[in-house]
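Accompanying notes for the structure given below.
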Amino acid sequence: MTTQPSRPASTPAPKDTARAALLEALLSMQSPEEMEAFLADLCTPAELRAFTERWQVARLLDGGGKSYREIAAEAEASPTTVVRVARYLKDMPHQGYRIALDRLSSAD
């Protein structure tokens, strides 16, 4: 049985380095048009539709006043997607949706 040499704790795993490179590329976009072009190259049409759907669900959930069923119908999303986005908005530690929603609402 061969064991792989352990990597020093300070050396990021290749996957982490690749993710960091992707984040840098996303952050380098300077306009909505540049971001649109990059995402069109990076993602399949189905992936972009899924991202758009989830973001619309997050915005509708944040707006309040609508049932999950109403949100699913308006966003043309499944109830499962609405529940999943709601869970991420409320319970998950990342709070990525919350950060974006708050920043965009304060920019208005």
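Placing dummy labels 7 Å off each Cα toward the beta-carbon, the span from residue 39 to residue 23 is 1.9 nm. Which label belongs to the value computed from this structure, given these candidates for Rg/Rh (Cα atoms, Kirkwood Rh): [x] 1.09; [y] 1.01; [z] 1.49? Read-out taken from this structure: [x]. The calculated FRET efficiency for residue 90 paired with residue 48, based on their beta-carbon distance and R0 = 41 Å, is about 0.95.
Across segment 44-102, counting alpha-carbon atoms alone, Rg and Dmax equal 10.9, 33 Å. Under a Gaussian network description of the chain, with springs only between Cα atoms under 10 Å, the residue in 76, 47, 24 that fluctuates furthest is 24.
In whole percent, how big is the carbon plus sulfur part of the accessible area of segment 10-74, probe 1.4 Å, protein atoms only? Its accessible area is 58 percent carbon and sulfur atoms.
The values are calculated or read from the model by the stated rules, or taken from the named source; none is laboratory data. This is a predicted model, so every value here is computed, not measured. Heads up, the Cβs are rebuilt from the backbone with ideal geometry, glycines too, and the neighbour counts pull from every protein chain shown. Heads up: the accessible areas ignore ligands, DNA and RNA and are worked out on the full protein's heavy atoms, side chains in. Shrake-Rupley method; radii C 1.70, N 1.55, O 1.52, S 1.80 Å.
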